[in-house]
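Read through the structure below, which is laid out as structure tokens, and then see the notes.
The values are calculated or read from the model by the stated rules, or taken from the named source; none is laboratory data. Everything numeric here is computed off the predicted structure, so don't read it as measured data. Cβ placement follows ideal geometry from the backbone for every residue including glycine, while neighbour counts extend to all protein chains displayed. Please note that ligands, DNA and RNA were not included when accessible areas were found on the heavy atoms of the full protein model with its side chains. Shrake-Rupley method; radii C 1.70, N 1.55, O 1.52, S 1.80 Å.
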Amino acid sequence: MAIPATGTVHPLYALYAPTWATLLDVFEGAGGFLARDKPYLVAHPREYLDHSVPVTTDSGQTVISYVANETPTRPSAKLTERRKLARYENIAATLVSQLAGALFRVSASRTFPEGQVSRVPRPIEQFWLDADGLGASWDDLIRSAWMPAAVFGHVFLYMDQDEDTETPVARVYTPLDAPDWLTDGRGRLTSIKFLEAAPRTSFTTRQSTQDLRVRVVTDEGWSLQDRSGRVLEAGVHRFGRLPVVPLYAKRRSLTPLVGQSVLGDPMCFVDLYNLVSEVRELLRRQTFSVLNVPVGNDGTIEREQSFIGRQSGTGNILFTSQPAAYLSPEGTNVQVYHEHIDRLARTIYRLAVVPWESDATGVEAEGSRRIKREDLNQQLAQFADECQQTDQRVTELVYRAAYGDRWQMWHQKDQLTIRWPDQFETEDLTARLAQFTDALRLDLGPTATKEAKKRASRAVLPDLAAETQTQVDAEIDAETGVTPDQRRDQEMAERLANLAKVAS
């Protein structure tokens, strides 16, 4: 990957940018998987016509000896065919979607104390409804931002100010869009540089990679520059600090401001792509057999060839002194490839702590499956913790923009509580409901009983809208502290009383 020529770049950007570019291709199935020459398809040296070059002496004479060509450029018909048939099975996107579905199945809780009802929506409530200035809610925006954060390890949320209303809006930038940044002595981010595409003004305007603009954001303001560093626009903001918040999927212990992808090493997916391509070629060879034609003592290849030709249908013909027969390769290689493909796919899933399908259907100890579910639950809880930290920091920036120097007073007055879930549905629904039922029968008190009911409602109805879930929680809070057994006793008593009335 070529590093953009936009002035200086951070050393960590120069180090990780090629890996980020590969991760992007792995998730999108683009780049080296989609290009005409399929750069991610690793060719065997003999698949090039110029795989070897002759050796020459100092006097310029060619010696009958060949060495490997380090830069072959002439693909053989075999390699060209393999490139046409190559397909990319994008399990990376499936992995990230599965994790996102589990992580965001239950919405975050953002509540104010009871009795603090505002007749006019608070600035933070307005932001939750339209977080990007284009109509996307904050829940939708953070979910869509988490997926590239999972791919790259982190993304940046830049809190801009809407040009018309001056209300805060969030913009998402990937690590590839942030070539340089500065930190203070404590490692706090103080300024950052973002890459943006220059907008097209008409359909006749041709867009190119040269049409990049650079946005420099600091603690005090921002400036928009062209590639040469000429300032196009500039302004100040009301946040009082750098309005940029990193959203991490996973953090690196020893590398600040650079997250770790949940997909792991992107070369695992490139390796899987090559294995699938090679299996496709092996199967194609097995499908089209070679016909062996004996020449005999009194025959010649030219004579037999004149009768049959070089090909019969889709089968090639080989002339030898052996008996006539169809020659087909054995299927052992394909079986070995399939076993290695399954092993690699299973490894990819396990590194992401996502259960592999055969692990659930195969013979496996229940204790082992329980440990895997708990590992997944802990990882999802770590993801949620990072989202909660980002949520709180973005909330602070919204309060800063709305109230200026008095933002802390208003924040304390509102007593806003932001809570992301710490338990996730990684077990069978039947088992979870049995746990909830047992918990309700223990008569743990009204507070614990109501909390158990809230979690049970989310397990049974995971796709409820946030407003409906809030109403369900309010109804549970309004209930009196009656246990299920007491409720059944009351219902039975009422039925007996009704029967007594009928009998009399």
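Restricting attention to the range 6-16, does a residue exist that is under 20 Å from Leu195 (Cα atoms), touching a Gly at 6+ places or on another chain (Cβ under 6 Å) and at pLDDT 90 or above? For the range 6-16, residues under 20 Å from Leu195 (Cα atoms), touching a Gly at 6+ places or on another chain (Cβ under 6 Å) and at pLDDT 90 or above: absent.
Kindly provide the set of residues from the range 93-106 that are open to solvent by less than 50 Å² (accessible area, probe 1.4 Å) and either in contact with a strand residue (DSSP E or B) (Cβ under 9 Å, 6 or more places away or on another chain) or in contact (Cβ under 8 Å) with a residue 24 or more places away in the chain (or both), ordered by number. If the condition is that a residue be open to solvent by less than 50 Å² (accessible area, probe 1.4 Å) and either in contact with a strand residue (DSSP E or B) (Cβ under 9 Å, 6 or more places away or on another chain) or in contact (Cβ under 8 Å) with a residue 24 or more places away in the chain (or both), then Ala93, Leu95, Val96, Leu99, Ala100, Ala102, Leu103, Phe104, Val106 are the ones that fit. When Asn90 is tested against (1) of a type in the set (S, T, N, Q); (2) modelled with pLDDT of 90 or more; (3) open to solvent by 60 Å² or more (accessible area, probe 1.4 Å), only condition (3) is not met. Each residue in the range 127-163 was checked for being open to solvent by 50 Å² or more (accessible area, probe 1.4 Å), of a type in the set (S, T, N, Q) and either assigned to a strand (DSSP E or B) or over 16 Å from Leu95 (Cα atoms) (or both), and 0 pass. Whenever a residue of the range 30-50 is of a type in the set (S, T, N, Q), it has no partner that is surrounded by 18 or more Cβ atoms within 10 Å (Cβ to Cβ) lying with C-beta atoms less than 7 angstrom away and at least six residues away or across chains. When Pro256 is tested against (1) within 30 Å of the chain's Cα centre (by Cα); (2) touching a residue at least 12 places away in the same chain (Cβ under 8 Å); (3) over 30 Å from Ala381 (Cα atoms); (4) in a loop (DSSP other than H, G, I, E, B), only condition (3) is not met. Of the residues in the range 208-225, none is out of contact with any strand residue (DSSP E or B) (no Cβ under 6 Å at 6 or more places or on another chain), surrounded by fewer than 19 Cβ atoms within 10 Å (Cβ to Cβ) and in a strand (DSSP E or B).
Taking the condition among the hydroxyl-bearing types (Ser, Thr, Tyr) and outside any loop (DSSP other than H, G, I, E, B), does Thr190 pass?
Details: among the hydroxyl-bearing types (Ser, Thr, Tyr): yes; outside any loop (DSSP other than H, G, I, E, B): yes.
So Thr190 fits the description; yes.
State whether the residues of the range 398-420 include one that is modelled with pLDDT under 70 and either more than 30 Å from Pro123 (Cβ to Cβ) or within 32 Å of the chain's Cα centre (by Cα) (or both). Looking through the range 398-420, none of the residues is modelled with pLDDT under 70 and either more than 30 Å from Pro123 (Cβ to Cβ) or within 32 Å of the chain's Cα centre (by Cα) (or both). Of all residues in the range 164-173, exactly one satisfies the criterion of being of a type outside the set (D, E, K, R), open to solvent by 30 Å² or more (accessible area, probe 1.4 Å) and modelled with pLDDT of 95 or more, namely Val172. Does Arg46 satisfy the condition of being modelled with pLDDT under 90, over 30 Å from Gln423 (Cβ atoms), open to solvent by 60 Å² or more (accessible area, probe 1.4 Å) and not in a loop (DSSP other than H, G, I, E, B)? Here the answer is yes, as Arg46 does meet what is asked.
Kindly indicate the residue of the range 241-255 that is farther than 14 Å from Pro148 by Cβ and either out of contact with any strand residue (DSSP E or B) (no Cβ under 8 Å at 6 or more places or on another chain) or of a type in the set (D, E, K, R) (or both) and also least open to solvent (accessible area, probe 1.4 Å) among those meeting that condition. I'd like the intermediate steps shown before the answer.
Step one: of the range 241-255, the residues farther than 14 Å from Pro148 by Cβ are 241-245, 251-255.
Subsequent filtering for residues that are either out of contact with any strand residue (DSSP E or B) (no Cβ under 8 Å at 6 or more places or on another chain) or of a type in the set (D, E, K, R) (or both) retains 241, 251-255.
Working: Arg241: 50, Arg251: 119, Arg252: 81, Ser253: 118, Leu254: 164, Thr255: 27 Å².
Result: Thr255.
Among the residues of the range 172-187, which ones are within 18 Å of Gly153 (Cβ to Cβ) and in a loop (DSSP other than H, G, I, E, B)? Passing the criteria: Thr174, Ala178, Pro179, Gly187.
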